[in-house]
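Quick note: the coordinates plus some simple rules give every number you see, no bench work behind them. If you're wondering where the values come from, they're calculated on a predicted model, not measured in any experiment. Note that we place each Cβ from the backbone using ideal geometry, even for glycine, and neighbour counts take in every protein chain shown.
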Amino acid sequence: MNIVIVGGGFAGMNLAKQLSKNKSLNITLIDKNNYHFFPPLIYQVATAFIETSIITYPFRKMFSKAANFRFHYGELKAIDVSEKVVSTSSGEVSYDYLVLAMGTETNYFGMENVEKYAVPMKTIDDAINLRNHILRNGERAAQGHSDADRERFSTIVISGGGPTGVELAGMLAYMNKKILAKEYPEFSPNGRMRIVLVDMAPSLLGPMSKKSQQEAYEVLQDMGVEVKLNTGVKDYVDGKVIFADGSTIATDTLIWSSGVIAKEAPGLPKESIGRGRRILVDAYNKVQGVDDVFAIGDICLQTSDTAFPNGHPQLAQVAIQQGKLLAKNLDNILEKRPLEAFKYNDKGSMAIITKNKAVVDLPKFTFTGWFAWLTWLFIHIIPIAGFRNKIKLVTGWFWSFLTNNPSLRLIIRPNTQGDNKSA
Ligand SMILES: Cc1cc2nc3c(=O)[nH]c(=O)nc-3n(C[C@H](O)[C@H](O)[C@H](O)COP(=O)(O)OP(=O)(O)OC[C@H]3O[C@@H](n4cnc5c(N)ncnc54)[C@H](O)[C@@H]3O)c2cc1C
């Protein structure tokens, strides 16, 4: 029995881990990257706080002990549901059961200039690109020949006041105070970065409790972040961000963390696709309208769970729980046993604001401050793939928070020399 999984994020990787224990199955994982990564911490890669390798893990190493597992490096291009075959950028793979778990991509809501010139924050490539961009602009600001130049290169606008935007703003403000002020004599004594966090909503951290929203707002303001609410980005023209309320800010850096849209699954019928391009699935994550195809994680929209009639939030825990349950249900299908419907067990949500400050919403109460910060750190160590990575993360954090100064601030330029274009 060939089970093909496209996408090795939280959903696909947890499914593959469970299924690979059943030796009667052949599992093929297709991914456009050769590694699994941990999105909640990419903002720390982008701000040169931790190394990329700490939050990534190669699939081949992860599954090296599973003889029934194959990895296929490639990007999904098309699904042929009648022939039961998927085409990828590197060949075709046929399946008995197919599971789609490609997650989401950045949504620019049709704003062409924003898509062209803003910096996204979704993948490891994005994080490394953003790190280079911020560091390069630090040097440009230091060398700026006019006040306008220095202003443009040292101003950062972050669009999106969800956890990613808040965490990024807090980390940049921390960098400004603790690092720029010390290492860039051109900017001393207080650092120079102007950080503006903008959101269309009337509060930060939209789905979280009022207490968490207020705490995030106050802590960021105390750290010097300008928080601009009730207005969104309308355009980004000639190095100027234009807001819906008519105001503008000149900047070379617009970071876009304002929304996502499900990855495309070409070949599925139109009737199987719902809001936000998410794939419509039943209570067992089977794609509506096609046989033997399932979808899990951020890419799917499941409205059968009575506690979430509009679909689940696009969060890691939903993806993990759906991946694990689908492994059980595929086994139930093969053994002709009844299937178990998915019900999300909501364990709460959290966001870090800066050193010593975080917010944690549990189903019954909210807590903030130092203890919330420790809880956030602890909870984010558990799902990191690989024991060595967990140890590196703990020691890296310990050192960075103790010294207030990690030393990863390298501008690394991509070089394609050696790529054989004729191959
Ligand atoms: C910056 C950021 C911070 C976040 N912070 C949090 C947080 O603090 N807490 C939380 O609960 N959630 C957080 N999330 C959301 C969480 O990461 C997602 O809900 C979760 O990753 C969804 O898992 P998934 O497996 O569905 O998709 P993903 O984790 O996105 O995995 C998709 C996989 O599919 C692969 N893929 C994509 N397209 C293709 C293709 N065409 N062909 C082949 N492979 C493909 C990708 O390489 C990837 O490996 C955050 C997300 C981001 C971007």
Amide H neighbours of ALA78 under 5 Å, counting only residues 5+ apart in sequence or on other chains, H built in-plane at 1.01 Å?
-> SER87
Residues whose placed amide H lies under 5 Å from that of ILE158, excluding near-sequence neighbours | VAL196, LEU197, VAL198, ILE255
Where both partners of a DSSP beta bridge lie in the chain, what percent of those bridges are antiparallel, to the nearest 5?
-> 50 percent
Send over the per residue convex hull volume for the stretch 176-275, Cα only, as a whole number of Å³.
-> 176 Å³
Taking Rh as the Kirkwood radius, which is the inverse of the mean 1/r over Cα pairs, what is the Rg/Rh value for the stretch 58-174?
-> 1.13
For the stretch 195-208, 3J(HN,Hα) per residue [Karplus equation, 6.51 cos²θ - 1.76 cosθ + 1.60, θ = phi - 60°, Hz, x = Gly/Pro] = 10, 10, 10, 10, 8, 5, 6, x, 8, 7, 6, x, x, 8
Distance in nm between pseudo-label sites at ALA307 and SER64 (7 Å out along the Cβ direction from Cα) | 3.9 nm
Using only Cα atoms, locate the centre of the stretch 376-419 and the centre of the stretch 194-235, then give the distance between them in Å, rounded to an integer.
-> 27 Å
Hey, could you grab the Kirkwood Rh for the stretch 209-322? Inverse mean 1/r over distinct alpha carbon pairs, Å, one decimal.
-> 17.5 Å
For the stretch 82-141, state which GluC sites (Glu not before Pro) are in a DSSP loop and have at most 12 other beta carbons lying within 10 Å of their beta carbon.
-> GLU83
Answer in debye to the nearest 20: the dipole magnitude of the stretch 139-258 about its Cα centre, from +1 Lys/Arg and -1 Asp/Glu charges placed on Cβ, is 180 debye
Ratio of the Cα radius of gyration of the stretch 112-258 to 2.2 N^0.38 Å, where N counts its residues | 1.01
Inter-part gap, Cα centre of the stretch 36-68 to Cα centre of the stretch 246-292, in whole angstrom, is 24 Å
Going residue by residue through the stretch 98-109, the Karplus relation 6.51 cos²θ - 1.76 cosθ + 1.60 with θ = phi - 60° gives ³J(HN,Hα) values, rounded to whole Hz and with x marking Gly or Pro, of 10, 10, 9, 9, 8, x, 10, 10, 5, 9, 9, 6
Pairs LYS234/LYS324; LYS116/LYS328; LYS177/LYS234: which are spaced more than 32 Å apart, C-alpha to C-alpha?
-> LYS234/LYS324; LYS116/LYS328
If you place +1 on the Cβ of every Lys and Arg and -1 on the Cβ of every Asp and Glu, how big does the dipole about the Cα centre of the chain come out, in debye to the nearest 20?
-> 1260 debye
For 262-274, 346-358, ranked highest to lowest by mean beta-carbon neighbours within 10 Å, the order is 346-358, 262-274
The chain: radius of gyration and largest Cα-Cα distance (Dmax), Å = 22.4, 73
